[in-house]
Every structure is written in C-alpha cells, then in structure tokens.
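For reference, the structure is listed below as structure tokens.
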Amino acid sequence: MTIIAVDDEKIALEGLVNTIRQVSPEADVYGFRKAKDALDFVGSHPCDVAFLDIEMRAMNGMELARLLKLKYPQVNIVFATGYDEYMSQAFLLRASGYVTKPVTREKVKQELENLRNPVPICQEKKLRVQTFGNFEVFYGGEPVRFFYSKTKEMMAYLIDRNGALCTNGELMAVLWEDEAKTGGHTSYLKNIRKDLINTLAKYGVEDAVIRQRGMIGISPQKISCDYFDWIAGRPSGLNAYRGEYMNQYPWSEFTHGVLEKTGEH
C-alpha cells in the first residue's frame, strides 16, 4: 500500500507521517509540504491513500483532492484538518474519511480499516489495471513499461473485451483503423504481441495472456482491474467509476456509453 500525507506545516506533517507508519508499518508512506511536490510524485507512483490537510498555502486540500482523483479515481482521500466546516465539501468529493487534529493512532487506524475503496490484497503478486480515467498498468505499485506504445493499447483493448479472445484481424482494425485494410501491419502486430507476452513474463504473470492460433485474450481472473470489479458489482469498482473510461483511446467510447447508461439506472 502506498500512502501520501500532505501538510504545509513541518511539525504537523512529521507527526502525521510517523503516526501512519506506526499504524501501518508495511505501507510505503511519503510526506510532502507542497501540493505540487505530491502531484509530481504520484505522476509516476500510484497512490492508494492520501491524508490531506485542507487549509494550505498555494493549493488547498480540496483542490489537491480533485486533482488526485482525476489521476487515480480509486484513491482514498482522508482529510486531516483542524476544522470541521469542510465536511460537506468532503462528502461531495466522496472522500474516504475526515479526521480532526490532533491526528491520533486510533483515528488513523479506524480510517485505514474502513477505506472507501479497498486496496487489493497481495497486489504485489498481481497486475493492477486502471481503466477509469486514463488506462494504466501497474505491478507492485510501479507502472509497467512496454517497448511499443501500441502494446499498451492492445492490452487496453483486450481488457475492454473482458476475457474474450480477439483475432489478429480485429486487433489490426482497432489499432490502426482504416490503415489495417492495407495489411501492412501484420509483422508489427506480431512484434507487439511478443512484447506483451515478454513484458508480462518479466513480472511472472505471463499466464494472464490467453493464446490460441491467431487469437489472444486476457484472463480476468489473473489481474486486479477496476472495470472487472465494476462488472462484478463490487463496491470498489462501482465507487471507482467517475464518468471516465480509458480516456486516451477513441474506440473505448462504446463501453463508456454502456457504463454511463447503466449508471443512470
């Protein structure tokens, strides 16, 4: 579990970080006095829980919470403040918790035991895929890097297909649209298929890929994914959806429409 704490007062931040570490010694805890530094950090480090002061210079905790949720919709925001008048705003942001200072071990323990979006157990042994917002793949809390950008997009499409096997022709039509009609991407597709398998093999999770002659898919049982949790009706998946789905890929609009329509009922 990765936890960040943000408070522009040095003594308050040190006390908050120490308290979190005492309650959750297995977690990776990082403290920041500036909201900008926290945002820079989470740009490359997925965050599970964020303890935020509200009244801070430059950027207050409410605005920081909004920016964090845009990047990681499942992040659990816990406001740690000396004031109680912001509780209604915290509710509108769907914060996980709200504690008043002084922040004690008992208060932190209670918040971590009752997170709005449960942190996947043993996530270091599974891929964690984020589809709500921008599509990202993580392993052990770190982003997975593919050699080709198209490899990441292909994996996104396979996730979108929810375990269904996809043919090479279907993948080329999605990844290159009208260009696929020329047939010039057959060898490129072979390369990105190989890149997907080799990359996942580095993390010991190559069995997440299902292969048959001329077809490929992703096993939903082998990874942790917010979209799969949403399909299964799990609270973590239902709470994670905030109206965005694989923003960087135009072909995701059909599934996005289904998510929106379902959410209206």
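The values are calculated or read from the model by the stated rules, or taken from the named source; none is laboratory data. This is a predicted model, so every value here is computed, not measured. Neighbour counts run over all protein chains shown; Cβ positions are idealised from the backbone, glycine included. These accessible areas exclude ligands, DNA and RNA; they are computed on the full protein's heavy atoms, side chains included. Shrake-Rupley method; radii C 1.70, N 1.55, O 1.52, S 1.80 Å.
Quick notes on this structure:
- Under the simplified labelling scheme, the N198-F147 pair shows an inter-label distance of 0.2 nm, with each label point 7 Å from Cα along Cα→Cβ.
- The chain, relative contact order in percent, only Cα pairs under 8 angstrom and at least six apart counted: 16 percent
- Between Y30 and I3, I4, A5, the built amide H atoms are under 5 Å apart, and every one of these is 5 or more places off in sequence or on another chain.
- Under 12 Å, Cβ to Cβ, from A12 - net charge with Lys/Arg +1 and Asp/Glu -1: -3
- Residue with peak Gaussian network fluctuation, the chain [Cα springs, cutoff 10 Å], from V75, V103, V137: V103
- Which label in [x] 0.95; [y] 1.02; [z] 0.98 gives the computed Rg/Rh (Cα atoms, Kirkwood Rh): [y]
- Computed E for L67/E170 - FRET, C-beta separation, R0 35 angstrom, nearest 0.05: 0.45
- In the context of the full set of protein chains, residues of the chain present 51 Å² of accessible surface per residue (probe radius 1.4 Å, heavy atoms only).
- From its DSSP helices (H runs of at least four residues, each -39,500 (n - 2.57)), the chain gives a residue-normalised ellipticity at 222 nm of -12000 deg cm²/dmol.
- Restraint check, K71/K109; K69/K101; K10/K101; K202/K222, Cα-Cα greater than 18 Å: K71/K109; K69/K101
- Cα pair distances exceeding 18 angstrom across region 41-97, given as percent: 26 percent
- Rounded to the nearest 10 square angstrom, R105 shows an accessible area of 130 square angstrom against a 1.4 Å probe.
- Sulfur and carbon atoms: percent of accessible area, region 33-184 [1.4 Å]: 50 percent
- Overall form of region 56-155 per C-alpha gyration tensor (a/c, 1.5; a/b vs b/c): prolate
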